[in-house]
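Asks: This is the structure I want to talk about, given as structure tokens.
Read-outs throughout are calculated quantities, based only on the coordinates presented, and are distinct from any laboratory measurement. All of these numbers come straight from a predicted model, not from anything done at the bench. Cβ atoms come from the backbone with ideal geometry, glycine included; neighbour counts cover every protein chain shown.
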Amino acid sequence: MGISILSTGCFLPEKIVTNDDLATFLDTSDEWITTRTGIKTRHIAVGETTSTMGAKAAAQALERSGLSPDEIDLVICATVSPDVCCPMVSANIKKALQIESAATFDINVNCSSFIYAIAIASSMMQTCGYRNALIVGSDTNSQIIDWSDRSTCVLFGDGAGAAILTKDDRRGILSSHLDCIIDQDNMLYCANKIDPTPFSDHAVQGADTKVSMHGSGVMRFAIHAFHDAVEIVTQKAGVKLEDIQLIFPHQANIRILYSAAKKMGIDMDKFYVDIDKVANTSCASIPIALDLAATEGKLKRGDLIMLIAFGGGLSSGAMLLEW
Ligand code: ACO
């Protein structure tokens with residue numbers, strides 16, 4: 001008996017922002033963004049929050065699973081942009097779905113979070129006797145980016161994706177690899193706001209509370225981490241790259257995928273790509289891609305798939321599983 005993905009769901013906010021829309025208030029162009037990143041549009045939350053988007057994606061995954069809310073034993077939300085710190089985003093999602101009682105928590109491993117969350121859930125399913133887990137990735141990046149910084153804000157979008165994990169007779173998760181190396185230079189950085197108190201005048205405000213990024217450094221790390229992670233998960237599972245039907249990479253920049261494909265000697269068709277439509281949705285990136293691929297009929301039972309992510313920390317993760 002393995003731990004497998006039973007169903008998926010996703011939610012993308014209604015508002016679509018094009019590169020030309022960004023060029024109305026930034027010194028940028030559709031040509032620059034498209035050729036440097038592969039991004040054409042992104043969805044931006046208007047009124048939605050990380051909790052409400054996560055709940056909508058989770059509700060869709062739950063409905064498609066055929067399970068009732070009381071059959072969910074564990075709820076994990078992966079997010080770098082929680083709309084609340086108390087209660088947890090996962091508690092809001094659980095409440096919206098009327099899941100009466102379940103172990104519930106949020107995690108933040110930046111853009112690698114969803115793979116970490118599946119790995120944590122599968123371990124808990126093995127050790128705590130849980131049968132079904134709801135894993136959500138949801139991010140409102142539009143709240144944590146600096147809309148005057150053209151080198152970062154054009155890269156991100158908002159959205160949520162979800163998956164239900166279950167124990168069944170498929171092989172499910174075959175191998176995983178989680179890592180985090182020291183980010184000596186804070187290549188990806190976003191601080192929480194700190195206000196002075198009656199006892200301290202220490203404060204963190206303004207630009208430091210928005211995402212800043214050393215783009216080319218992150219890109220070099222991502223290409224390196226990508227290659228290593230693929231080698232490790234395939235070796236651990238005793239699987240060859242050619243046996244994998246589809247790879248779901250974190251959607252950060254199409255050029256990272258071109259480099260990875262070249263380095264690994266594989267065709268770009270091996271990658272599921274939606275960055276052109278949704279941009280980088282941080283923790284939601286992989287579950288959104290999984291859900292879009294599933295609803296487009298690109299996944300069939302028994303397919304071997306790989307998930308790969310990298311992000312702030314500098315974290316990375318990969319997982320090989322049978323669909
Ligand atoms: N429009 C027009 N010009 C721009 C823009 C823009 N939106 N942004 C930057 N430029 C300019 C720069 O100012 C620079 O100008 P200069 O030469 O006059 O100084 C020039 O374009 C080139 O800038 P570079 O930073 O060298 O461009 P690069 O080719 O490296 O692309 C990018 C930048 C897209 C950010 C790239 O480095 C990248 O995608 N890096 C990886 C980012 C990533 O993976 N992030 C996510 C991972 S983690 C996470 O998801 C949170």
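Asks: Run through the DSSP bridge list for the stretch 1-156 and note the antiparallel percent, rounded to the nearest 5.
Replies: Among the beta bridges of the stretch 1-156, antiparallel pairing accounts for roughly 25 percent.
Asks: Tell me, what HN-Hα J-couplings in whole Hz come from the Karplus equation 6.51 cos²θ - 1.76 cosθ + 1.60 at θ = phi - 60° for each residue of the stretch 112-129, using x for Gly and Pro?
Replies: 8, 4, 5, 5, 4, 5, 5, 5, 5, 4, 5, 5, 5, 5, 6, 9, 9, x
Asks: On to the next question. Based on the Kirkwood radius over alpha-carbon pairs, what value in µm²/s does the Stokes-Einstein equation return for the translational diffusion coefficient of the stretch 174-322 at 4 °C and 1.567 mPa s?
Replies: Estimated via Stokes-Einstein, D reaches 77 µm²/s.
Asks: Restricting the count to DSSP beta bridges whose residues both fall in the chain, what percent are antiparallel, rounded to a multiple of 5?
Replies: Bridges in the chain are about 70 percent antiparallel.
Asks: Let me ask something else. Let's see if you can work this out: charge +1 on each Lys and Arg Cβ, -1 on each Asp and Glu Cβ, no other charges. What is the dipole magnitude of the stretch 174-322 about its Cα centre, in debye to the nearest 20?
Replies: Dipole of the stretch 174-322, to the nearest 20 debye: 260 debye.
Asks: For the ranges 200-211, 274-285, 121-132, what's the packing order if you count other beta-carbon atoms within 10 Å of each residue, average per peptide, and put the highest first?
Replies: 274-285, 121-132, 200-211
Asks: Hey, another quick one. Just subtract the alpha-carbon distance of D201 and T35 from 0.36 nm times their residue separation and send over the number in nm, one decimal.
Replies: Difference between extended and current length: 55.2 nm.
Asks: Modelled label-to-label distance, D20 and I194, 7 Å Cα→beta-carbon offset: nm?
Replies: For the pair D20/I194, the computed spacing is 4.6 nm.
Asks: Subtracting the Cα-Cα distance from 0.36 nm times the residue separation, let me have the gained length for T209 to R301 in nm, one decimal.
Replies: Additional length available on full extension: 28.8 nm.
Asks: I need the calculated FRET efficiency for the pair V84 and D243, taking r as the beta carbon distance and R₀ as 41 Å, to the nearest 0.05.
Replies: So, using R0 = 41 Å, E works out to roughly 0.45.
Asks: Per DSSP H run of n ≥ 4, the term is -39500 (n - 2.57); total these for the chain, divide by its residue number, and report the mean residue ellipticity at 222 nm rounded to 500 deg cm²/dmol.
Replies: Taking each H run of at least 4 residues, the total per residue is -9500 deg cm²/dmol.
Asks: If you take every residue apart from I93 with its C-beta less than 11 Å away from the C-beta of I93, what net charge results, scoring Lys and Arg +1 and Asp and Glu -1?
Replies: Around I93, the surrounding residues sum to +2.
Asks: Between K262 and D149, what FRET efficiency comes out of the Förster formula 1/(1 + (r/R0)^6) with R0 = 30 Å and r the beta carbon distance, rounded to 0.05?
Replies: Computed FRET efficiency for D149 and K262: 0.50.
Asks: Here is a follow-up. Where a Cα-Cα gap under 20 Å defines reach, which lysines qualify for K298, not counting those fewer than 8 residues away within the same chain?
Replies: Those lysines meeting the cut-off are K270, K277.
Asks: Right, here's the next one. Can you quote the Å³ per residue value for the convex hull of the Cα atoms in the chain, rounded to an integer?
Replies: 143 Å³
Asks: What is the antiparallel percent of DSSP beta bridges lying wholly in the stretch 174-322, to the nearest 5?
Replies: The antiparallel proportion sits near 80 percent.
Asks: Which one of N108, S65, G38 is farthest out on the positive end of the charge dipole of the chain, using unit charges on Cβ (Lys, Arg +1; Asp, Glu -1) and the Cα centre as origin?
Replies: Final value for the positive-end residue is S65.
Asks: Ranked highest first by the average count of other Cβ atoms within 10 Å around their residues, in what order do 20-28, 248-256, 81-89 fall?
Replies: Listed from highest to lowest mean packing, they are 248-256, 81-89, 20-28.
Asks: Which chymotrypsin sites (Phe, Trp or Tyr not before Pro) in the stretch 161-255 sit in a loop by DSSP (not H, G, I, E or B) and have at most 16 other Cβ atoms within 10 Å of their own Cβ?
Replies: F199
Asks: Also, quick follow-up: How far apart, in nanometres, would the label points at I181 and Q98 be if each is projected 7 angstrom from Cα along the Cα-to-Cβ direction?
Replies: Inter-label distance under the simple model: 4.9 nm.
Asks: Then there's this: Quick one: give the max-minus-min coordinate of the C-alpha atoms of the stretch 42-106 along each principal axis, largest first, in Å.
Replies: Here the spans come out as 32, 25, 16 Å, largest first.
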